[in-house]
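Worksheet for the structure shown next.
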Amino acid sequence: MTSIRPAPTSTRHTRETALATTILSEGSFDRGDYADELDAAPGNLDVGTRLWFENGRIRVWEVRLQPGERGPFHAHTRRYFWTVVDGGIGRQRTADGTVITREYHVGDTNYSEHSPAEPMIHDFENAGETPIRFVTVELLD
(Lines give C-alpha, C1' and ligand atoms only; values in the text may rest on other atoms or scores of the structure.)
Protein backbone atom coordinates (compact mmCIF):
# COMPACT_ATOMS: atom_id res chain seq x y z
CA MET A 1 0.00 0.00 0.00
CA THR A 2 1.32 3.45 -0.90
CA SER A 3 1.14 6.06 1.83
CA ILE A 4 0.47 9.65 0.89
CA ARG A 5 2.24 12.28 2.92
CA PRO A 6 0.24 15.46 3.52
CA ALA A 7 1.36 18.57 1.70
CA PRO A 8 2.64 21.35 3.93
CA THR A 9 0.27 24.23 4.51
CA SER A 10 2.85 26.94 5.12
CA THR A 11 3.98 29.13 2.24
CA ARG A 12 7.17 30.31 3.93
CA HIS A 13 10.22 28.11 4.32
CA THR A 14 11.26 28.54 7.92
CA ARG A 15 12.30 26.19 10.68
CA GLU A 16 8.63 26.04 11.65
CA THR A 17 7.45 24.96 8.19
CA ALA A 18 5.73 21.59 8.34
CA LEU A 19 7.60 19.60 5.72
CA ALA A 20 6.62 16.10 4.68
CA THR A 21 9.98 14.82 5.94
CA THR A 22 11.41 13.41 9.15
CA ILE A 23 13.82 15.67 11.05
CA LEU A 24 16.75 13.59 12.27
CA SER A 25 18.75 16.38 13.92
CA GLU A 26 18.89 20.16 14.30
CA GLY A 27 21.76 22.36 15.33
CA SER A 28 24.01 25.18 14.26
CA PHE A 29 27.20 25.61 12.28
CA ASP A 30 30.02 28.14 12.21
CA ARG A 31 29.14 30.59 9.43
CA GLY A 32 32.84 31.50 9.22
CA ASP A 33 33.55 28.06 7.76
CA TYR A 34 31.47 29.05 4.71
CA ALA A 35 32.04 32.84 4.70
CA ASP A 36 33.09 33.19 1.05
CA GLU A 37 30.25 30.98 -0.18
CA LEU A 38 27.69 32.80 1.96
CA ASP A 39 28.92 36.16 0.65
CA ALA A 40 28.48 34.95 -2.94
CA ALA A 41 25.16 33.16 -2.34
CA PRO A 42 22.78 36.07 -3.13
CA GLY A 43 24.18 36.04 -6.67
CA ASN A 44 24.01 32.26 -7.06
CA LEU A 45 20.53 31.57 -8.42
CA ASP A 46 21.32 28.02 -9.56
CA VAL A 47 18.88 26.17 -7.33
CA GLY A 48 19.73 22.76 -8.77
CA THR A 49 22.58 20.75 -10.21
CA ARG A 50 21.18 20.77 -13.76
CA LEU A 51 18.67 23.03 -15.53
CA TRP A 52 16.27 20.83 -17.49
CA PHE A 53 13.83 23.39 -18.92
CA GLU A 54 13.10 27.10 -18.90
CA ASN A 55 10.53 29.36 -20.53
CA GLY A 56 8.97 32.65 -19.48
CA ARG A 57 6.85 31.00 -16.79
CA ILE A 58 8.84 28.19 -15.14
CA ARG A 59 12.34 26.84 -14.61
CA VAL A 60 12.73 23.09 -13.97
CA TRP A 61 15.85 21.90 -12.15
CA GLU A 62 17.24 18.54 -11.20
CA VAL A 63 19.01 18.28 -7.84
CA ARG A 64 21.14 15.14 -7.86
CA LEU A 65 23.82 14.51 -5.23
CA GLN A 66 25.95 11.46 -4.56
CA PRO A 67 26.66 10.39 -0.96
CA GLY A 68 28.84 13.04 0.70
CA GLU A 69 28.35 15.53 -2.15
CA ARG A 70 27.24 19.07 -1.29
CA GLY A 71 25.63 21.74 -3.42
CA PRO A 72 26.85 25.28 -2.65
CA PHE A 73 24.94 28.03 -0.89
CA HIS A 74 22.46 29.63 -3.27
CA ALA A 75 19.46 31.95 -3.14
CA HIS A 76 15.79 31.19 -3.73
CA THR A 77 14.18 34.43 -4.90
CA ARG A 78 10.94 33.05 -6.37
CA ARG A 79 8.01 30.87 -5.55
CA TYR A 80 9.00 27.24 -6.06
CA PHE A 81 8.27 23.66 -5.16
CA TRP A 82 10.32 20.51 -5.02
CA THR A 83 9.46 16.82 -5.13
CA VAL A 84 11.72 13.96 -4.05
CA VAL A 85 12.43 11.44 -6.84
CA ASP A 86 15.08 9.36 -5.02
CA GLY A 87 14.95 9.70 -1.25
CA GLY A 88 17.70 9.65 1.32
CA ILE A 89 19.29 11.70 4.09
CA GLY A 90 19.84 15.39 3.36
CA ARG A 91 21.52 18.11 5.40
CA GLN A 92 20.69 21.78 4.86
CA ARG A 93 22.52 24.77 6.27
CA THR A 94 20.75 28.14 6.15
CA ALA A 95 22.26 31.62 6.17
CA ASP A 96 21.20 32.17 9.79
CA GLY A 97 23.57 29.42 10.99
CA THR A 98 20.98 26.65 11.36
CA VAL A 99 21.68 23.12 10.17
CA ILE A 100 18.92 20.51 9.83
CA THR A 101 19.32 16.88 8.78
CA ARG A 102 16.19 15.24 7.38
CA GLU A 103 15.10 11.96 5.90
CA TYR A 104 13.43 12.47 2.52
CA HIS A 105 11.05 9.94 0.97
CA VAL A 106 9.98 9.49 -2.65
CA GLY A 107 7.07 11.83 -3.31
CA ASP A 108 7.76 14.27 -0.47
CA THR A 109 6.88 17.71 -1.80
CA ASN A 110 7.21 21.24 -0.43
CA TYR A 111 6.11 24.65 -1.70
CA SER A 112 7.80 27.90 -0.61
CA GLU A 113 7.45 31.57 -1.49
CA HIS A 114 10.44 33.90 -1.62
CA SER A 115 11.35 37.11 -3.43
CA PRO A 116 14.47 39.09 -4.25
CA ALA A 117 13.64 41.24 -1.20
CA GLU A 118 13.21 38.15 1.03
CA PRO A 119 15.39 35.36 -0.37
CA MET A 120 16.05 32.03 1.28
CA ILE A 121 19.75 31.15 1.26
CA HIS A 122 20.92 27.62 1.96
CA ASP A 123 23.12 24.77 0.81
CA PHE A 124 22.20 21.09 0.53
CA GLU A 125 24.33 18.03 1.26
CA ASN A 126 23.69 14.34 0.74
CA ALA A 127 24.39 13.02 4.24
CA GLY A 128 23.26 9.49 3.42
CA GLU A 129 24.68 6.41 1.77
CA THR A 130 22.63 6.44 -1.45
CA PRO A 131 22.22 9.02 -4.24
CA ILE A 132 19.49 11.59 -3.59
CA ARG A 133 17.45 13.33 -6.31
CA PHE A 134 14.81 16.05 -6.35
CA VAL A 135 13.01 17.99 -9.07
CA THR A 136 12.65 21.69 -8.26
CA VAL A 137 10.30 23.97 -10.22
CA GLU A 138 10.63 27.75 -9.96
CA LEU A 139 7.53 29.78 -10.85
CA LEU A 140 8.72 32.84 -12.77
CA ASP A 141 5.53 34.87 -13.02
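The values are calculated or read from the model by the stated rules, or taken from the named source; none is laboratory data. Remember, it's a predicted structure, so these values are computed and weren't measured experimentally. All Cβ positions, even for glycine, are placed from backbone atoms using ideal geometry, and neighbour counts span all protein chains on display.
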Exercise. Taking residue 79 as meeting all but one of (1) surrounded by fewer than 20 Cβ atoms within 10 Å (Cβ to Cβ); (2) under 19 Å from residue 23 (Cβ atoms), write down the number of the exception.
Key: (2)
Quiz item: Could we say that residue 42 is over 15 Å from residue 93 (Cβ atoms) and either assigned to a helix (DSSP H, G or I) or hydroxyl-bearing (Ser, Thr, Tyr) (or both) here?
Solution: yes
Quiz item: Restricting attention to region 19-33, does a residue exist that is under 17 Å from residue 136 (Cα atoms) and basic (Lys, Arg)?
Solution: no
Quiz prompt | Selection within region 69-85 - over 22 Å from residue 40 (Cβ atoms) and over 12 Å from the mean Cα position of the chain (by Cα) | solution = 79, 85
Practice problem: Determine, yes or no, whether residue 96 is out of contact with any strand residue (DSSP E or B) (no Cβ under 6 Å at 6 or more places or on another chain), at pLDDT 95 or above and not in a loop (DSSP other than H, G, I, E, B). | Solution: no
Practice problem: Taking residue 31 as the residue in question, decide whether it is modelled with pLDDT of 50 or more and exposed (fewer than 15 other Cβ atoms within 10 Å of the Cβ). | Solution: yes
Practice problem: Say whether the condition of being at pLDDT below 95, within 19 Å of residue 128 (Cα to Cα) and surrounded by fewer than 14 Cβ atoms within 10 Å (Cβ to Cβ) is met by at least one residue in region 59-74. | Solution: no
Practice problem: For region 50-89, name all the residues that are outside any strand (DSSP E or B) and out of contact with any Leu (no Cβ under 7 Å at 6 or more places or on another chain). | Solution: 55, 66, 67, 68, 69, 87
Practice problem: Take residue 118 and decide whether it is free of Cβ contacts under 8 Å to residues at least 24 places away in the same chain and either among the polar types (S, T, N, Q) or closer than 26 Å to residue 54 by Cα (or both). | Solution: yes
Quiz item: Which one is surrounded by the fewest Cβ atoms within 10 Å (Cβ to Cβ) among residues in region 112-141 that are in a loop (DSSP other than H, G, I, E, B) and of a type in the set (A, V, I, L, M)?
Solution: 117
Quiz prompt | So residue 104, is it aromatic (Phe, Trp, Tyr), surrounded by 17 or more Cβ atoms within 10 Å (Cβ to Cβ) and in contact with a Gly (Cβ under 6 Å, 6 or more places away or on another chain) | solution = yes
